[in-house]
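First the structure, in the form of C-alpha cells, and then the observations on it.
Please treat every number below as a calculation from the coordinates, not as lab data. All values derive from a computational prediction rather than experimental measurement. Every residue, glycine as well, gets a Cβ built from its backbone with ideal geometry; the counts of neighbours run over all protein chains shown.
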Amino acid sequence: MFNLILFGPPGSGKGTQSEKIIEKFGLFHLSTGDLLRSQISFQTPLGLEAKKIMDRGHLVPDEVVVGMISTALDENSQAKGFLFDGFPRTAAQAESLDKLLEFKQQSIAVMLALDVSEPELIKRLLKRGETSGRSDDTNEEIIAARVAEYKNKTEAVADYYRQTNKVVMIAGEGTVEDIFERLSNEIKSRL
Ligand code: AP5
C-alpha cells in the first residue's frame, strides 16, 4: 500500500492535483474538506456545526475529522493506497493518523508539500470565489483567516514528518501540468 499526503496552504492546488494523481496512480482520494462539504450538503448535524466553523475560516475540531478519516479508512480497506488531501492539519491529527495506520500495519510513504506564495494563494481563492459557491472563498477576511490557521496550526505538521525525512517540497506555481509532472516524478521514484 502506498500512502501519500499532499500538503500545502489553502489554494495551493491540493484538490486540483489530487484529481490527477488518483487518476494516474489509482490511489483512493481522502479529502477532509470534501467529506465535510458532503456533510453540509446533506444538512447532517455534524455538517451544520462544521459549516459555522468553516465559514469563519477556522479548523473543525480534531476528533471530528479524525473520526471521518477512521471511518473512510475502514470502508475502503481494499484500496491500493490513500492520498490524504487537507489532512492532517494539526500535530494531533498527524499523531492520530500514524496510530490509525499503524493499527493496519501501514504508514505514510511521503508528504509532498506544495510551495505557493501568499499573494498567489489569495488571488486564486478570490478568483474561484467568483464562481464556486464556496462560502469560505467569498471575502478576503475569511481567506486571510484560513491562511492564518495554516500558519499557526498546520505548518508545524510538516515538521512532524521531517523528523522521519518524509517531506519533499514541490514548487507549486506555474502550469497545472508542470506541477503535476513534478509530483508524478516524486511518486514514481517511490513506487
Ligand atoms: P479544504 O477543503 O481542505 O480547503 P483548503 O485547504 O482551504 O484548500 P482549497 O480547497 O481551498 O485549496 P487547494 O489547496 O485544494 O487548492 P485547489 O486545487 O482547490 O478545507 C476547507 C475547510 O474545511 C477548512 O478551512 C476547515 O475549516 C475545514 N477542514 C478541512 N480539513 C480539515 C482538517 N483536517 N482539520 C480541520 N478542519 C478541516 O485550487 C484552488 C484554486 O486555484 C482553484 O480555483 C484552482 O483552479 C486554482 N489553481 C490550482 N492550481 C493552479 C495553478 N497551478 N495555477 C493557477 N490556478 C490554480
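Observations on the model:
- Whole-Hz ³J(HN,Hα) from phi, Karplus 6.51 cos²θ - 1.76 cosθ + 1.60, for the range 69-83, glycine and proline x: 5, 4, 4, 5, 5, 5, 6, 10, 5, 7, 4, 7, x, 10, 10
- Binned Cα-Cα distances of the chain, short to long, each 5 Å bin given as a whole percent: 1, 7, 16, 21, 22, 18, 11, 4, 0
- Nearby aspartates and glutamates by direct alpha-carbon distance to residue 166 (threshold 15 angstrom, same-chain neighbours under 8 apart not counted): 95, 98, 155, 186
- Amide H contacts of residue 31 (H built 1.01 Å from N, under 5 Å, at least 5 apart or other chain): 85
- In a DSSP loop and with at most 15 other Cβ atoms within 10 Å, the GluC sites (Glu not before Pro) in the range 111-191 are 130, 173.
- For the range 180-188, backbone phi angles converted through the Karplus equation (6.51, -1.76, 1.60; θ = phi - 60°) give residue-by-residue couplings of 4, 5, 4, 5, 4, 4, 5, 5, 4 Hz, Gly and Pro being listed as x.
- Cα→Cβ-extended label distance, 7 Å offset, between residue 173 and residue 44, nm: 3.9 nm
- Paramagnetic label reach from residue 164 (point 7 Å along Cα→Cβ; backbone nitrogen cut-off under 16 Å): within the range 61-86, residues 82-84.
- A simple spin-label model places the labels of residue 23 and residue 103 3.4 nm from each other, with each point 7 Å out along Cα-to-Cβ.
- Value at 222 nm in deg cm²/dmol, rounded to 500, when DSSP H runs of n ≥ 4 in the chain each add -39,500 (n - 2.57): -16500 deg cm²/dmol
- Computed magnitude of the charge dipole of the range 2-188 (debye, nearest 20; Cβ of K, R +1, Cβ of D, E -1): 140 debye
- When the trypsin sites (Lys or Arg not before Pro) in the range 153-191 are filtered for DSSP coil states and for at most 14 other beta-carbon atoms within 10 Å of their beta-carbon, the remaining sites are 190.
- Value of relative contact order over the chain, rounded to a whole percent, pairs C-alpha under 8 Å and six or more apart: 33 percent
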